[in-house]
Amino acid sequence: MTVIKNSETIEEMIAKMAMDLKIFLKERERKDIAIIGIHTGGVWIAERLHNLLKIKEPLGELNIAFYRDDFSRIGMHPSVEPSNLPFDVEGKHIILVDDILYTGRTIRAALNEIFDYGRPASVTLAVLVDRGEQELPFKADVVGTTMSLSAGEHVKLTGPKKLTLVTK
């Protein structure tokens, strides 16, 4: 396991993401905003963005375990927490936040779950790390950093108090 040394700290990346989100939302005149973080790393980042952007709606949390298309392959996790969306998604402009964008399967599962709650006006995807190599057609609107890894190498966000990126 290697801690990734980056000239930017994760908190600086998140601050940049917040600025990019402000510009993105302003350019598109999106007002009725809610933030949803994908369990777990996405929630840690979403909490920070929620504070930086001063969003009125409470923070939403998604646990997409039952929505994954590889659920039977990875097996059931014994302590799956339910999702918590403490607002009506119908007609809202949603900022969906995840830590790592890789194949796109997590994002597909998250969108499936969000649409089970209602039809948002739009969904903006914000990720801390885009490592490329998507298998599904998803592209983040806001990215903290991009990263290329070798085959078989993985990156993970650890936290929640001090956020760190590590590779395995």
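A short reminder: the numbers here are calculations on the coordinates, not readings from a lab. Please read these numbers as outputs of a predicted model, since none were measured by experiment. Don't worry about glycine lacking a Cβ; one is built from the backbone with ideal geometry, like all the others, and counts go over all protein chains shown.
Observations on the model:
- With K and R counted +1 and D and E -1, the other residues having a Cβ less than 14 Å from that of Pro82 yield a net charge of -4.
- Considering every alpha-carbon pair of the chain, the percent of pairs per 10 Å bin, from zero through the bin containing the longest distance, is 10, 40, 38, 12, 1.
- In the chain, helices alone account for a calculated mean residue ellipticity at 222 nm of -9000 deg cm²/dmol, with every DSSP H run of four or more residues adding -39,500 (n - 2.57).
- Selected from Glu90, Glu61, Glu29 as most flexible by GNM, with the chain as the system and alpha-carbon contacts under 10 Å: Glu29
- Once the Cβ-Cβ distance of Asp116 and Glu11 is raised to the sixth power relative to R0 = 35 Å, the FRET efficiency obtained is 0.60.
- Charge dipole (the chain, unit charges on Cβ, about Cα centre) - positive-most of Val43, Ala15, Gly118: Ala15
- Cβ-Cβ distance of Lys54 and Ser150, R₀ of 45 Å, FRET efficiency by 1/(1 + (r/R0)^6): the value works out to about 0.65.
- Sequence-distant lysines (8 or more away, or on other chains) whose Cα lies within less than 21 Å of Lys168: Lys5, Lys156
- Between Pro82, Pro137, Pro58, the residue with the greatest mean-square fluctuation in the GNM of the chain (Cα pairs under 10 Å linked by springs) is Pro137.
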